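Below is one structure, written out as structure tokens; the observations come after it.
The values are calculated or read from the model by the stated rules, or taken from the named source; none is laboratory data. Keep in mind that what you see is a predicted model, and the values were worked out from it rather than measured. Here the Cβ positions follow ideal geometry from the backbone for every residue, glycine too, while neighbour counts run over all protein chains shown.
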Protein chains: 2
Amino acid sequence: MKLALVQLNYHIGNFEENKKKITDQIKQAKERGVDLVVFSELAICGYPPLDLLNRQEFVEASVEAIEGIAEYCNGIAAVIGGPSLNPHSQGKQLYNSAWFLADGKVKEVIHKTLLPNYDIFDEYRYFQPNEDFKVINFKGARIAITICEDLWDDQPVEADFARNKLYTLSPMQKLAALKPDFMINIAASPFSYHQENVRKQVVCNKAAEYHLPVAYVNQVGANTELIFDGGSMMVNSEGNITHKLPAFEEAFLDLEVNRVNVVSSGQLSETDPIKLIHDGLILGIKDYFRKSGLKKAVLGLSGGIDSAVTAALAVEALGAENVHGLLLPSQYSTGHSITDAQQLARNLGIKTYTIAIKDIYRSIEETLKPVFEDRKPDVTEENIQARIRGLLLMAYSNKFGHILLNTSNKSEAAVGYGTLYGDMNGGLSVLGDVYKTDVFKLARYLNKDREVIPENTIIKPPSAELRPDQKDSDSLPDYEILDKVLFRYIELNRSPKSIIDEGFPEEVVRKTVRLVNFNEYKRFQTPPILRVSGKAFGVGRRMPLVARYERL
Amino acid sequence: MKLALVQLNYHIGNFEENKKKITDQIKQAKERGVDLVVFSELAICGYPPLDLLNRQEFVEASVEAIEGIAEYCNGIAAVIGGPSLNPHSQGKQLYNSAWFLADGKVKEVIHKTLLPNYDIFDEYRYFQPNEDFKVINFKGARIAITICEDLWDDQPVEADFARNKLYTLSPMQKLAALKPDFMINIAASPFSYHQENVRKQVVCNKAAEYHLPVAYVNQVGANTELIFDGGSMMVNSEGNITHKLPAFEEAFLDLEVNRVNVVSSGQLSETDPIKLIHDGLILGIKDYFRKSGLKKAVLGLSGGIDSAVTAALAVEALGAENVHGLLLPSQYSTGHSITDAQQLARNLGIKTYTIAIKDIYRSIEETLKPVFEDRKPDVTEENIQARIRGLLLMAYSNKFGHILLNTSNKSEAAVGYGTLYGDMNGGLSVLGDVYKTDVFKLARYLNKDREVIPENTIIKPPSAELRPDQKDSDSLPDYEILDKVLFRYIELNRSPKSIIDEGFPEEVVRKTVRLVNFNEYKRFQTPPILRVSGKAFGVGRRMPLVARYERL
């Protein structure tokens, strides 16, 4: 049987566009003599649709669009992900389904069994789990269809004190008992820099365990903060990858499927995580703008590494002509802030404006004098500077229609080293899931062919320049140590005690953890953060703002 | 058997305080000759602990604290909510449990069966559902214990096109088969202005259906945006409420329980929803400050109704001495803005400062002139004014340690009539779940005994005063209509078509829905909003930012 794996970039709720993309592929595949073309999970509406699934008109539009696509499935069959209504009188009203279309109509609807409900996933919010296992007979083959998480029954629970398997049921085991010839898995598995290898291991292990070829089709493209990398693949019954689609782009692949093909031996990818992060962020920026109908970005250029890397990524994603930079020096800005930012702008070929903030600052100082009386300067004055910059950037954004890109990195976001309504402003946070030490690596990566990020920006000590001679290291631990502690506390969910037991200085660990916990309120109000790690700030990490964290 | 129902206000993660509150109650109940004292769901750690449940040290501290409490349970027994570890090798690693303590130790741990995972609830993210039903034998009585949602198996699904019951299982039916003498339900059921009646109906109907008295203990107190109103009660086997604890305060009640008591006949509460909203918001503000270790608030007083009502509520919650108001007039502020705000401040007895923003505005205008050149004024200049105010309020907050209260109402938040990083600033949104028409009712309610909100503030037409002679009604539909359309779209989840079919003008409905959808990005960055309705903006409503909403 000739199969086509098709990984496309869907736009949530854009049924017309999604339907057209799908039917175009069906028509072309039919011309190539394909028997069955496979699209990804919830393809018809885009993943994740979130609470749009609670809206009748959204679900109806999804079902209608799929029924419309069925008309194109004559002489060819298709598997397409989409919600379906639960016909039973009890339970959640939707299933997360794979629609099997053939002979011009809907032939079968298969439902997802394992509904992920951790990190960024909330599927149990919407869907009833499947309890009924069946295979599809098509052109003499018995085909088992599963949806994403259905292969992940061996998944350990998320927390560090995990001792359990998350699920009590294995859909693949149930289906294997029905003796299928091969399995299709349609997925919407989001990117993180280690996810590709985990995913390959899961799919290959399952294929080998059940001696069953698996055709795996994942979504590609970014939807708000979630980036999907595609990487669809065919795995043979030995558990070897025989075909692989590229990462981060739309693609399709035709292949012959049968029980025994061994074309090549699969292996884990050696891709540099920094390259993956780079490629993921580019796609994330591109899709945020394109899918919102936007073109142009603006950001503040401080001469520092975060804004420089953000600008370079934005230029790659949107084009130099669509990225403007504002240089917003204060009385504390050093000479190199300006020269480094200008050098960056020249390297990138972007338009900049330089707007000194000192007159505005003075006017604010003057205005507040009767209220502040003779109180000594403190963090208030630092925040005022950051907020003037935020205000000017937003004014530029409002006047010219450029979306403000936030330049905070994950280390800063973690410890609250940033000003709400100041440098934390923006429509999208590009680096908010990238630790400072990785921002430096990204800078080196961007410079691999030529100098994009000025060398001085990379080598000078990081500083917020909000008071004379300020350095990040005055108030924060060295980033090399800080980032390791943060990774253990946030990504690995380890307790402060166990991090100290690993050999990190107790004082640093306690202070870091205290700062992370104390600053939940700031992160509550940050822009969406492009997710590239296994645990990003945002929807995947939900912490109480008002709580006592002392025991933690 | 003598039962004590105890509704307390727990602090998330504050194990010491929570444990002390619980043991104090146990000691006192013992002196009163109580046999069994009942506390609410997840009492030991506070509800909702969110992703703190993924942290080993948090769960360990919960379990330790409960084991410590068991030592106080000699000659008295207690039921206390807390997480427990799932001992099985598969499934989520926690249960949401009721710990039964007696004879100085943990005698039994009963788990929650129905895990709510809609609106603000994410329980399936953390907990394995119970599958094993049993009753507890204590002092000759057979006691069935359920946890909150376990009584709500008849719950319809949330969406407007609901045709199903959400759950496929009835824990009460399972337990009734074991012939218990009475049932205990421990709950953490958040407040909304119609929730009390819904809750009474559910508990009374269930008691009557199974001819089983039900002792219902709910948590009281607010945790960030969620307000819990308590309202614990005893319902007899006829389905009548025999005892009721007060709303919005800590309380306990002793009672004799047996199969047949009919003390009084239960009835639905006639409480004015505006009074409920008022009481809920007061508790919400109080607990946000107290549990965060804060005392003082600041807010901008525009002379308008939203800031006036917010100020009055803050004064009631925190005391006049802890609330400061800033009057921040611009060149577009009318005379009555100042006089109305000053009258309000006099009525409330709060300290104010008046800081004219025009010099700062001029300095910003001057600074931006070379960039803006001769572009015409537009919304940019309006936003600059709002952002100057936001900046000054935050400067005051930073300098004096007053937390900024946000004054946006739900109608504005819905249609995006507000400036990000300007008037949308704040640590807590007090009125963000109260429609404008209800803000007026709240003002009248606050004025029931004497003038608190100046009459002119109530009767003048609402205006943002960001350009000459501006009125809200220039750009928004009349609030009387707008709020009705919003309620149908947001709370009732109705489709635009069905709202139009009800008779609302098509143009108004389409425009309103478009504005709601378009402004998801603004609401993404708003402060936590005290929840008083069945569908508040925030964690209970999760919409994609980047999506096409045209079909909706």
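Restricted to the stretch A:313-371, and to residues that are of a type in the set (Asp, Glu) and out of contact with any Ser or Thr (no Cβ under 8 Å at 6 or more places or on another chain), which residue is nearest to A:Ser463 (Cα to Cα)?
Among those that are of a type in the set (Asp, Glu) and out of contact with any Ser or Thr (no Cβ under 8 Å at 6 or more places or on another chain), it is A:Glu365.
Is there a residue in the stretch B:14-29 that is assigned to a loop (DSSP other than H, G, I, E, B) and of a type in the set (Gly, Ala, Ser)?
no
Can you tell me which residue within the stretch A:527-544, out of those that are in contact with a strand residue (DSSP E or B) (Cβ under 9 Å, 6 or more places away or on another chain) and within 7 Å of chain B (Cβ to nearest Cβ), is modelled with the lowest pLDDT?
A:Pro544
Mind listing whichever residues of the stretch A:49-80 are part of a loop (DSSP other than H, G, I, E, B) and either hydrophobic (A, V, I, L, M, F, W, C) or at the interface with chain B (Cβ under 7 Å from one of its Cβ atoms) (or both)?
Answer for the stretch A:49-80, where residues must be part of a loop (DSSP other than H, G, I, E, B) and either hydrophobic (A, V, I, L, M, F, W, C) or at the interface with chain B (Cβ under 7 Å from one of its Cβ atoms) (or both): A:Pro49, A:Arg55, A:Cys73, A:Ile76.
What number of residues within the stretch A:196-236 satisfy the criterion of being of a type in the set (Gly, Ala, Ser) and over 14 Å from A:Leu253 (Cβ atoms)?
Residues meeting the conditions: 4.
Would you pick out the residues in the stretch A:496-524 that are surrounded by 21 or more Cβ atoms within 10 Å (Cβ to Cβ) and not in a helix (DSSP H, G or I)?
Listed by number, the list is empty, since nothing qualifies.
Could you run through the stretch B:272-306 and say how many residues are surrounded by 21 or more Cβ atoms within 10 Å (Cβ to Cβ) and not in a helix (DSSP H, G or I)?
Looking only at that region, the number is 8.
Which one is farthest from the other protein chains (Cβ to nearest Cβ), of the residues in the stretch B:6-31 that are touching an Asp or Glu at 6+ places or on another chain (Cβ under 6 Å) and over 16 Å from B:Ala98 (Cβ atoms)?
Looking at residues that are touching an Asp or Glu at 6+ places or on another chain (Cβ under 6 Å) and over 16 Å from B:Ala98 (Cβ atoms), I get B:Asn9.
Criterion first (within 27 Å of the chain's Cα centre (by Cα) and in contact (Cβ under 8 Å) with a residue 24 or more places away in the chain) does B:Ile44 satisfy it?
yes
Is it the case that A:Gly503 is within 27 Å of the chain's Cα centre (by Cα) and more than 15 Å from B:Glu57 (Cα to Cα)?
So A:Gly503 does not fit the description; no.
State which residue is nearest to the other protein chains (Cβ to nearest Cβ) when the search covers only the stretch A:32-48 and only residues that are of a type outside the set (Gly, Ala, Ser) and closer than 27 Å to B:Phe524 by Cβ.
It comes out as A:Pro48.
Please go through the stretch B:221-241 and pick out each residue that is of a type outside the set (S, T, N, Q) and under 20 Å from B:Ile529 (Cβ atoms).
Matches in the stretch B:221-241: B:Gly221, B:Ala222, B:Glu225, B:Leu226, B:Ile227, B:Phe228, B:Asp229.
Among the numbered conditions (1) out of contact with any strand residue (DSSP E or B) (no Cβ under 7 Å at 6 or more places or on another chain); (2) modelled with pLDDT of 95 or more, tell me where B:Asp287 comes up short.
The single condition B:Asp287 does not satisfy is (1).
Can we say B:Val513 is within 12 Å of chain A (Cβ to nearest Cβ), among the β-branched types (Val, Ile, Thr) and within 26 Å of B:Asn425 (Cα to Cα)?
yes
Which of the residues that make up the stretch A:328-344 are surrounded by fewer than 22 Cβ atoms within 10 Å (Cβ to Cβ) and of a type in the set (A, V, I, L, M)?
Within the stretch A:328-344, A:Ile338 is the sole residue that qualifies.
For the stretch B:525-552, which residues satisfy the criterion of being over 17 Å from the mean Cα position of the chain (by Cα) and either assigned to a helix (DSSP H, G or I) or free of Cβ contacts under 8 Å to residues at least 40 places away in the same chain (or both)?
Passing the criteria: B:Met543, B:Pro544, B:Leu545, B:Val546, B:Ala547, B:Arg548, B:Tyr549, B:Glu550, B:Arg551.
Which residue pairs have Cβ atoms closer than 6 Å, lie 6 or more positions apart in sequence or on different chains, and pair a first residue in the stretch A:1-22 that is over 16 Å from A:Val34 (Cβ atoms) and in the same structural domain as A:Leu36 (by TED's automatic domain parsing) with a second residue that is of a type in the set (Ser, Thr, Tyr) and outside any strand (DSSP E or B)?
A:Gly13/B:Tyr549; A:Asn18/A:Tyr10
Yes or no, residue by residue, for (1) surrounded by fewer than 24 Cβ atoms within 10 Å (Cβ to Cβ); (2) more than 30 Å from A:Lys497 (Cβ to Cβ):
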position	(1), (2)
B:Ile12	no, no
B:Asn18	no, no
B:Gln28	yes, yes
B:Glu31	yes, yes
B:Val37	no, yes
B:Leu42	no, no
B:Cys45	no, no
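Can you list the helices (runs of 4 or more DSSP H) found entirely within the stretch A:378-477 that contain at least 1 residues being buried (at least 24 other Cβ atoms within 10 Å of the Cβ) and within 10 Å of another protein chain (Cβ to nearest Cβ)?
Counting at least 1 such residues, we get A:379-400.
Condition (residue is within 12 Å of chain A (Cβ to nearest Cβ) and either free of Cβ contacts under 8 Å to residues at least 12 places away in the same chain or at positive phi (or both)) applied to the stretch B:327-339: is it met by at least one residue?
No.
Which one of these does B:Gln173 not meet: (1) more than 14 Å from chain A (Cβ to nearest Cβ); (2) under 19 Å from B:Val235 (Cβ atoms)?
(1)
Results for (1) at pLDDT 95 or above; (2) facing chain B (nearest Cβ under 9 Å), shown as yes or no for each residue.
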residue: A:Pro87; (1), (2): no, no
residue: A:Phe133; (1), (2): yes, no
residue: A:Asn137; (1), (2): yes, no
residue: A:Glu149; (1), (2): yes, no
residue: A:Pro156; (1), (2): no, no
residue: A:Ala162; (1), (2): no, yes
residue: A:Tyr167; (1), (2): no, yes
residue: A:Ile184; (1), (2): yes, no
residue: A:Ala188; (1), (2): yes, no
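Kindly evaluate B:Ile120 against the criterion of being of a type in the set (Val, Ile, Thr), within 14 Å of chain A (Cβ to nearest Cβ), in contact (Cβ under 8 Å) with a residue 60 or more places away in the chain and under 25 Å from B:Gln7 (Cβ atoms).
In short, yes.
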